[in-house]
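J.: The following block contains the structure, expressed as structure tokens.
Coordinate-derived values only; no laboratory data. Small disclaimer: the values here were computed from a predicted structure and weren't measured. Neighbour counts are summed over all protein chains in view; Cβ atoms, including those assigned to glycine, are modelled from backbone coordinates with ideal geometry.
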Amino acid sequence: APKRERRSIAALPDQLVSQIAAGEVVERPASVVKELLENALDAGATTVRITLDEGGVKRISIADDGYGMPAGELPLALLRHATSKIRTLAELEAVTTLGFRGEALASIASVSQLSITSRTADAAHAARIDAEHGEIAPAAGGVGTTIEIRELYFNTPARRKFLKTDQTELGHCLEMVRRAALARPDVSFSVMHNGRALEHWNAGTPAQRVAKVLGEGFSLAHLPLDERAGPVAVYGFAGLPTASRGRADQQYFFVNGRFVRDKLLTHAVRSAYEDVLHGDRYPSYVLFLEVPPESVDVNVHPSKIEVRFRESRSVHQFVFHAVQRALARHAGASPDTTSL
Ligand code: ADP
Ligand code: MG
């Protein structure tokens, strides 16, 4: 092995720090879509418009009608570890917003061409900042925020090579929109791709949203469930065995409004279906768990898709029994109990 010469220790430049962080959070266009959707929802948006070109690689634009940002704060939105969402450790431990790390926009800006156009309710007009130069200029636009990302990974060609076809990247982006749309049926979402309208989901009830997003196969064959025990609740829709699938591609679990992929929860639901599903079939479900924010740690992974429960055994039991009871109620009520 070659002998290594010692080099002196030096702090990395900010841009490189952000690019390293981007490696963790910004895996593909869908990761950008996820972060921008979270920001739009955190800002209280009721309408979110997503515009993609070439699977999001060429362009991702997300426009919301949330509370916007004042022109003077636009540079801060792009600064690493700058956030409006928490101020203290106590606030982190009780966080109710989807974001809180203050890293996403800085990371995304370090590997793309990013601009923000935003306007608050009391501003006379919108303002726009271009991350590259940091210049702020007056702009046209209503109250809310539009964030546009062009040419993802243009300056990191090694990463750009890892992207799949536009169609595959689009599929991942749409999955992020489905998750957000299921979590927030009270918000309207629309998606355009290469100038074509792909989806338009108006605000409605949870059942209407589930029907739109997952289609008839699920909406005609599910059991509603809703169980509460003090501050803990699990509710949503558990698919009947007839809505089960050959792949685990319709399993949506949300903890305090955040989509998660959690071994403990997946196992709890899977176990509840054990008696009614063959081993090679996967249940479909859209379930929401509400727990006190301080009883769950969402700060486990930068993408926040993993969570850790303080009392994981009781959470497992609670979810397991709720789903099992819903399935049993159905079996008891059905004249043809063998179908379950
Ligand atoms: P975080 O969401 O973790 O705070 P981000 O880098 O995603 O970090 O965003 C930085 C800050 O920019 C946010 O805390 C918020 O104040 C502001 N911001 C980002 N997107 C929006 C938006 N769509 N509407 C209003 N404010 C936004
Ligand atoms: Mg964010």
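J.: How many residues does segment 61-76 contain that are surrounded by fewer than 19 Cβ atoms within 10 Å (Cβ to Cβ) and within 15 Å of ligand 2 (Cβ to nearest atom)?
T.: Within segment 61-76, the subset surrounded by fewer than 19 Cβ atoms within 10 Å (Cβ to Cβ) is 67, 70, 72-73, 75-76.
Checking the rest, the ones that are also within 15 Å of ligand 2 (Cβ to nearest atom) come to 67, 73, 76.
Residues in segment 61-76 being surrounded by fewer than 19 Cβ atoms within 10 Å (Cβ to Cβ) and within 15 Å of ligand 2 (Cβ to nearest atom): 3 in total.
Every residue, every condition in (1) buried (at least 18 other Cβ atoms within 10 Å of the Cβ); (2) under 20 Å from the mean Cα position of the chain (by Cα), yes or no:
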residue	(1), (2)
Gln15	no, no
Val26	yes, yes
Asn39	yes, yes
Arg49	yes, yes
Arg59	yes, yes
Thr97	no, yes
Phe100	yes, yes
Glu103	yes, yes
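J.: Given the criterion touching a residue at least 24 places away in the same chain (Cβ under 8 Å) and outside any loop (DSSP other than H, G, I, E, B), identify the matching residue among Ala181, Ala197, Ala203, Ala158. Lay out the reasoning, then the answer.
T.: Details: Ala197 fails: touching a residue at least 24 places away in the same chain (Cβ under 8 Å); Ala203 fails: outside any loop (DSSP other than H, G, I, E, B); Ala158 fails: touching a residue at least 24 places away in the same chain (Cβ under 8 Å).
Only one candidate qualifies: Ala181.
Yes/no matrix, rows are residues, columns are (1) closer than 28 Å to Leu41 by Cβ; (2) surrounded by 18 or more Cβ atoms within 10 Å (Cβ to Cβ):
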position: Ala248; (1), (2): yes, no
position: Gln251; (1), (2): yes, yes
position: Phe254; (1), (2): yes, yes
position: Val260; (1), (2): yes, yes
position: Val276; (1), (2): no, yes
position: Tyr285; (1), (2): yes, yes
position: Leu289; (1), (2): yes, yes
position: Glu294; (1), (2): yes, no
position: Val298; (1), (2): yes, yes
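J.: So Ala140 clears everything in (1) of a type in the set (A, V, I, L, M); (2) surrounded by 14 or more Cβ atoms within 10 Å (Cβ to Cβ); (3) touching a strand residue (DSSP E or B) at 6+ places or on another chain (Cβ under 9 Å) except one condition, right? Which one?
T.: (2)
J.: Still on this structure, I have one more. Considering only segment 31-113, give the helices (runs of 4 or more DSSP H) lying wholly within it that have at least 2 residues that are touching a Lys or Arg at 6+ places or on another chain (Cβ under 7 Å). Before you say what the answer is, go through the steps one by one.
T.: Values: elements: 74-77, 89-93, 104-109.
Per the criteria, no element qualifies.
J.: Looking at segment 92-104, can you tell me whether even one residue there is more than 8 Å from ligand 1 (Cβ to nearest atom) and either under 19 Å from Phe189 (Cα atoms) or among the β-branched types (Val, Ile, Thr) (or both)? I'd like the intermediate steps shown before the answer.
T.: To start, the set of residues in segment 92-104 that are more than 8 Å from ligand 1 (Cβ to nearest atom) comprises 92-96.
Restricting the remaining residues to those that are either under 19 Å from Phe189 (Cα atoms) or among the β-branched types (Val, Ile, Thr) (or both) gives 95-96.
Yes, because at least one residue in segment 92-104 is more than 8 Å from ligand 1 (Cβ to nearest atom) and either under 19 Å from Phe189 (Cα atoms) or among the β-branched types (Val, Ile, Thr) (or both).
J.: Here is a list of conditions, (1) more than 16 Å from ligand 2 (Cβ to nearest atom); (2) crowded, with 17+ Cβ neighbours inside 10 Å; (3) not in a strand (DSSP E or B), and Thr117 meets all of them except one; can you say which number that is?
T.: Against the list (1) more than 16 Å from ligand 2 (Cβ to nearest atom); (2) crowded, with 17+ Cβ neighbours inside 10 Å; (3) not in a strand (DSSP E or B), Thr117 comes up short only on (3).
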